[in-house]
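Since the structure comes first, as structure tokens, the remarks are kept for the end.
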Amino acid sequence: MRAQVIDRSGDQQFMRLALALAAEGAAMGEVPVGAVLVQHGQVIGQGFNRPISDSDPSAHAEMVAIRAAARAASNYRLPGSTLYVTLEPCSMCAGLIVHSRIARVVYGALEPKAGVVQSQGQFFTQGFLNHRVLYEGGVLAQECGQILSEFFMARRARG
Ligand SMILES: [Zn+2]
């Protein structure tokens, strides 16, 4: 088997950018999740969770970032790219990641209820998928989880 060399050098930097995007979402009253799509070391798409603002249940951070990246690249597939997202992806986004031919997904905090990368099954290891996605969780997990818990605490305090 060919050894796959993974470049992790930018992981923290790009996750910090995703965190900043999550904070933008929080300021708009959206559950703070941010995502950044990187190809050849360049950010080609970014976004944050915004279903309320957009009246769009599919407007998860990953969806917003991937759509922007595909448009920027004029390509419906994004080979060799890495998606950074502050929260473990849900089933909708995991499917989208495979359709987009993204090479690698890096996420921060776990999503115990709806995450499908490791919390609720292991989506990317399923045999019927025609594209293998590398994945890795726990990058800046504490910060990524904290922005969410602070958001929900503030929301509860407001009543
Ligand atoms: Zn999602």
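The values are calculated or read from the model by the stated rules, or taken from the named source; none is laboratory data. Values in this document were obtained by computation on a predicted structure and should not be read as measured data. Here the Cβ is made from the backbone with ideal geometry for all residues, glycine too, and neighbour counts use every protein chain on show. Keep in mind that these areas ignore ligands, DNA and RNA; they rest on the heavy atoms of the full protein, side chains included. Shrake-Rupley method; radii C 1.70, N 1.55, O 1.52, S 1.80 Å.
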| task | Among DSSP beta bridges lying fully in region 1-137, give the percent that are antiparallel, nearest 5. | result | 55 percent
| note | Between the modelled labels at residue 54 and residue 76 (7 Å from Cα along Cα→Cβ) the distance in nm is 1.8 nm
| request: Any chance you could list P(r) for region 1-67, counting all Cα-Cα pairs in 10 angstrom bins from zero, rounded to whole %? | output: 22, 45, 22, 9, 2
| remark: Of the accessible area of region 15-145, computed with a 1.4 Å probe and all protein chains kept, carbon and sulfur make up a percent value of 54 percent
| query | Angle, helix 61-73 long axis vs. longest principal axis of the chain, Cα atoms, 0 to 90°, nearest 10? | reply | 50 degrees
| task | Counting only heavy atoms of the protein chains, get the accessible area per residue of region 3-86 (1.4 Å probe) and round it to a whole Å² value. | result | 49 Å²
| Theoretical gain in end-to-end length, residue 20 to residue 136 [0.36 nm per residue, Cα-Cα removed] | 39.7 nm
| said: Compute the distance from the alpha-carbon center of region 57-115 to that of region 116-145, in whole Å. | reply: 11 Å
| message | For a protection proxy built on the mean count of beta-carbon atoms within 10 angstrom, sort 134-146, 104-116 highest first, please. | response | 104-116, 134-146
| request: Using only alpha carbon pairs under 8 Å that are at least six residues apart, calculate the relative contact order of region 3-78 and give it in whole percent. | output: 22 percent
| message | Relative contact order for the chain: what percent, with Cα pairs under 8 Å and sequence separation of 6 or more? | response | 19 percent
| query | Once Rh for the chain is found with the Kirkwood sum over Cα pairs, what is the Stokes-Einstein diffusion coefficient at 25 °C and 0.890 mPa s, in µm²/s? | reply | 157 µm²/s
| query | Between residue 158 and residue 27, what FRET efficiency comes out of the Förster formula 1/(1 + (r/R0)^6) with R0 = 25 Å and r the beta carbon distance, rounded to 0.05? | reply | 0.95
